[in-house]
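The values are calculated or read from the model by the stated rules, or taken from the named source; none is laboratory data. Nothing here was measured: the structure is a model prediction, and the numbers come from that model. Here the Cβ positions follow ideal geometry from the backbone for every residue, glycine too, while neighbour counts run over all protein chains shown.
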Amino acid sequence: MHLLDHKKKVVKDPRALLAIVEGLRAQGCRIIVTIGSWDMLHVGHVRYLMKAKEEGDVLIVGTDSDRAIKLYKKNSMRPMVVQDERMEMLSYLECVDLILLLDDVDEEGRWQYGLIKEIQVDTFIITDDSYPPEQIEEIKQYCGEVKMLPRQAETSTSNLVFRILRDCLAPIITMLKERGLV
């Protein structure tokens, strides 16, 4: 499946996504789903999504809401990029067919599986450190298969943020302190 207009890839209503998926299934399409924050989209994300797309006909990318990320990362500074911009960035990738915003975590930041409960997923793609083993067993109840991909690059958003702080911000703070400005 390839949608020419990137804006049509972002589906705002989960019920609309379900209807689209039912139509695609009727055409015999294999539905692949992955979810993530996709914060500060980088080469590791893109390689991962390209590999995920190889597993089927239609790649649906769940994008965690700003609220969800703050809860499960337990960090009020994240995400660095707001949800609408993260979804727009994903929409430009040819390997991504459909995108849905997910706000599917409880107050402790635990995922509630809404997307994969609603959509009969052929394959759910995760990285080898996405979920603990007991949660993977829960996920398997809602999917035909769970496929684990290794990380696709050394780069991670957390490492990028750390390096920016360490290599850029720390020297500036030191200089300001030396000048008596802080």
Exercise. Is at least one residue of the stretch 26-45 surrounded by 14 or more Cβ atoms within 10 Å (Cβ to Cβ) and assigned to a helix (DSSP H, G or I)?
Worked result: yes
Exercise. On the given criteria, is ARG110 surrounded by fewer than 17 Cβ atoms within 10 Å (Cβ to Cβ), at pLDDT below 95 and over 25 Å from TYR131 (Cα atoms)?
Worked result: no
Exercise. Applying the selection to the stretch 1-25, what residues are free of Cβ contacts under 8 Å to residues at least 12 places away in the same chain and either on the phi > 0 side of the Ramachandran plot or in a helix (DSSP H, G or I) (or both)?
Worked result: LYS8, ARG15, ALA16, ALA19, GLU22, GLY23
Exercise. What do you reckon, is SER65 closer than 20 Å to THR157 by Cα, in contact with a helix residue (DSSP H, G or I) (Cβ under 8 Å, 6 or more places away or on another chain) and touching a residue at least 60 places away in the same chain (Cβ under 8 Å)?
Worked result: no
Exercise. Only one of ARG163, ARG86, ARG151 is touching a residue at least 12 places away in the same chain (Cβ under 8 Å), assigned to a helix (DSSP H, G or I) and among the basic types (Lys, Arg); which?
Worked result: ARG86
For this session: Report, by residue number, each residue of the stretch 114-143 that is buried (at least 16 other Cβ atoms within 10 Å of the Cβ), in a loop (DSSP other than H, G, I, E, B) and of a type outside the set (S, T, N, Q).
Result: ILE119, TYR131, TYR142
Exercise. Residues in the stretch 59-83 that are among the basic types (Lys, Arg), surrounded by fewer than 17 Cβ atoms within 10 Å (Cβ to Cβ) and either part of a loop (DSSP other than H, G, I, E, B) or in contact with a Leu (Cβ under 8 Å, 6 or more places away or on another chain) (or both): how many?
Worked result: 1
Problem set entry | Test: VAL96 is outside any helix (DSSP H, G or I), more than 21 Å from PRO14 (Cα to Cα) and not charged (D, E, K, R) | no
